[in-house]
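The values are calculated or read from the model by the stated rules, or taken from the named source; none is laboratory data. It should be emphasised that the depicted structure is a prediction, and the values quoted were computed from it without experimental measurement. Heads up, the Cβs are rebuilt from the backbone with ideal geometry, glycines too, and the neighbour counts pull from every protein chain shown. Ligands, DNA and RNA are stripped out before the accessible areas are found, and what is left, the full protein with its side chains, is counted by its heavy atoms. Shrake-Rupley method; radii C 1.70, N 1.55, O 1.52, S 1.80 Å.
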Amino acid sequence: MNYFLGTFFGVGLIIAPFYGTWVVAISIGGLSLLAYYTARYILYESDLYQYVLSAVLGVFMAQFIYQMHGLFEMHFVAFIASAILITYQNWKLQIPLLIVVAIHHALFGYLQFVGFDKVYFTRLEYMDIQTFVIHVLLAAVIFFICGLWAYQFKKYSEGHIQHSYEVARLQEIEAQKETLFKANMELDKFVYSVSHDLRAPLTSMGGIIELTMRRSQDEMVIKHMEMLQKSAKKLDGFILDILDYSRNARTEIKKESIDFKEVVDEIVSNLKYMSITKEVDIKVNIKQVVNFTSDPTRLSIVLNNLISNAIRYQDKEACPPFVHIDIVCSAEEAQIKVTDNGIGISNEYHDKIFDMFYRVSSGSVGSGLGLYIVKEAIDKMDGQLTVESAVGKGSSFFISIPNKFKTNQN
Ligand code: ADP
């Protein structure tokens with residue numbers, strides 16, 4: 001804008017020799033510049049100085065018309081001013097210019113036509129009403145178009161800024177997500193190696209306890225060793241849960257062929273070492289005639305947790321305690337049901353039992369991690385999990401896991 005105003009002042013000086021209007025060029029042009037720069041200095045924190053600029057541009061137009069004794073082309077300066085104001089993207093800036101132009105045209109036009117010979121508006125001898133109306137209409141169209149463009153530009157740039165802001169925000173979120181993901185991976189790796197390393201001394205401790213119990217005749221020692229063994233087993237169970245959690249969080253989903261009978265038999269035979277298992281009647285019913293593909297590690301984690309829970313939370317009063325494992329495998333999915341006639345879970349806890357570290361009662365034997373891991377693993381396998389259970393009647397956990405066999409073939 002400084003360049004434009006400098007040029008306007010310069011134009012005033014260039015055309016001054018034509019009719020000897022040096023005083024007007026310097027005084028009106030200088031005052032206009034002074035008005036603009038003073039307003040800009042005082043109102044630099046707001047946009048109000050731009051309205052002064054708009055009026056100043058109108059005054060320059062009047063000055064040039066006067067200096068050129070009503071040369072018709074000088075009226076176009078108003079259109080140039082109107083176009084320049086578009087850069088501020090504020091349609092209202094057209095208003096002061098419009099007012100100055102209207103007042104100037106009306107006043108100077110009137111004065112010239114009543115014969116006041118010191119004022120110049122046009123070189124025409126007589127301006128008829130038709131010429132005047134066309135003149136006004138064209139000016140109105142120009143001001144309207146420039147105002148509209150200013151408005152549209154503002155809308156467009158606001159949209160553009162909003163879009164850029166959104167893009168920057170998304171990029172920031174993406175970067176944060178990546179950092180968090182990396183930190184999470186590091187943490188999972190750390191948890192995995194710490195848990196893994198903790199098991200070695202625990203296993204040696206178990207061996208020493210076993211040995212001491214076998215060699216000692218002292219009942220008190222044996223009793224203490226049994227207590228120690230129970231705590232060591234609990235700690236080992238907790239570490240195993242953490243390892244499962246970490247395995248599920250860290251590892252990519254695998255797609256391998258699953259033989260459900262093999263998987264379940266292995267889990268059940270491992271669980272046979274739990275003394276409590278001996279009292280439970282475990283029935284396995286598997287119908288698998290199609291190839292089933294899924295993640296074997298996660299599937300084992302899920303089944304192991306559900307079956308061991310079904311055994312551990314048996315009802316001492318129930319006679320005889322049982323666990324039924326039913327699996328029906330189709331080309332679409334595997335439907336798994338693990339049912340027991342154990343202590344059951346009250347309705348109000350059905351959602352909570354899948355939370356991390358949630359245990360229905362402080363008497364619960366585990367860490368409260370098992371069902372959380374089950375839910376997470378099933379989510380990763382795109383499966384579904386529901387529970388039906390009532391206190392004193394037992395529990396049934398239903399799972400459906402999609403068969404990825406078809407996806408694998410594609
Ligand atoms: P925990 O390691 O304590 O067993 P889980 O996450 O596996 O933790 O289970 C959460 C809670 O849900 C358990 O503390 C227990 O109270 C209850 N629960 C889980 N399975 C059964 C079941 N089959 N019968 C009765 N209660 C169960």
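How much length is gained if the chain between V194 and A102 is pulled fully straight, taking 0.36 nm per residue apart and subtracting their Cα-Cα distance, in nm to one decimal?
Gain on extension, V194 to A102, equals 24.7 nm.
When 1/r is averaged over all different Cα pairs and the result inverted, which Kirkwood radius in Å belongs to the range 1-138?
Evaluated on the range 1-138, it is 15.6 Å.
List the lysines whose alpha-carbon lies under 20 Å from that of K375, not counting same-chain residues fewer than 8 positions away?
Of all the lysines, those that pass the test against K375 - Cα under 20 Å, at least 8 places apart if same chain - are K254, K255, K337, K352, K404.
Based on the alpha carbons, how large is the Rg to Rh ratio for the range 157-220 when Rh follows Kirkwood?
Taking Rh as the inverse mean 1/r over Cα pairs, Rg/Rh reads 1.63.
Using a 1.4 Å probe on the protein heavy atoms only, what accessible surface does I208 show? Give it in Å² to the nearest 10.
110
Quick one: longest stretch of the chain between exposed loop chymotrypsin sites (Phe, Trp or Tyr not before Pro), exposed meaning at most 14 other C-beta atoms within 10 Å and loop per DSSP?
Of all site-free stretches, the longest is 127-272.
What does the charge count around D315 come to, taking other residues whose C-beta lies under 12 Å from its C-beta (Lys +1, Arg +1, Asp -1, Glu -1)?
So the surrounding residues net to 0.
Which one of S164, I253, L211 is farthest out on the positive end of the charge dipole of the chain, using unit charges on Cβ (Lys, Arg +1; Asp, Glu -1) and the Cα centre as origin?
Result: L211.
When the Cα atoms of the chain are enclosed in a convex hull and the volume is divided per residue, what value in Å³ results?
In the chain, the Cα convex hull volume per residue is 279 Å³.
Please go through the residue pairs K223/K283; K182/K230; K230/K316 and name each one whose alpha carbons sit more than 27 Å apart in this structure.
Violating the 27 Å limit, Cα to Cα: K223/K283; K182/K230.
Divide, for the range 283-410, the radius of gyration over alpha carbons by 2.2 N^0.38 Å, where N is the residue count.
1.08
Gain in length, Q384 to F113, computed as 0.36 nm per residue apart minus the alpha-carbon separation, to one decimal in nm?
88.4 nm
Counting Lys +1, Arg +1, Asp -1, Glu -1, what net charge surrounds K92 among other residues with beta carbon under 12 Å of its beta carbon?
0
Return the inverse of the average 1/r over all pairs of distinct C-alpha atoms in the range 274-341, which is the Kirkwood hydrodynamic radius, in Å to one decimal.
13.1
Of all the accessible heavy-atom surface of the chain, with the other protein chains kept in place and a 1.4 Å probe, what percent is carbon and sulfur?
62
222 nm [θ] for the chain, helices only, -39500 (n - 2.57) per DSSP H run of 4+, per residue, to 500?
-21500 deg cm²/dmol
If ligands, DNA and RNA are left out, what is the accessible area of T386 with a 1.4 Å probe, given in Å² to the nearest 10?
Result for T386: roughly 80 Å² accessible.
Roll a 1.4 Å probe over the protein chains and send me the accessible area per residue for the chain in Å².
Ligands and nucleic acids excluded, the figure is 61 Å² per residue.
On a C-alpha basis, how far is the centre of the range 322-400 from the centre of the range 116-163 in Å? Whole number, if you could?
77
Under a Cβ-Cβ cut-off of 14 Å, what is the net charge of the residues other than G207 that fall near it, where Lys and Arg count +1 and Asp and Glu count -1?
Summing Lys/Arg as +1 and Asp/Glu as -1 gives +2.
For the range 310-359, what value does the Rg/Rh ratio take when both radii are computed over Cα atoms and Rh is the Kirkwood radius, given to two decimals?
Result for the range 310-359 is an Rg/Rh of 1.07.
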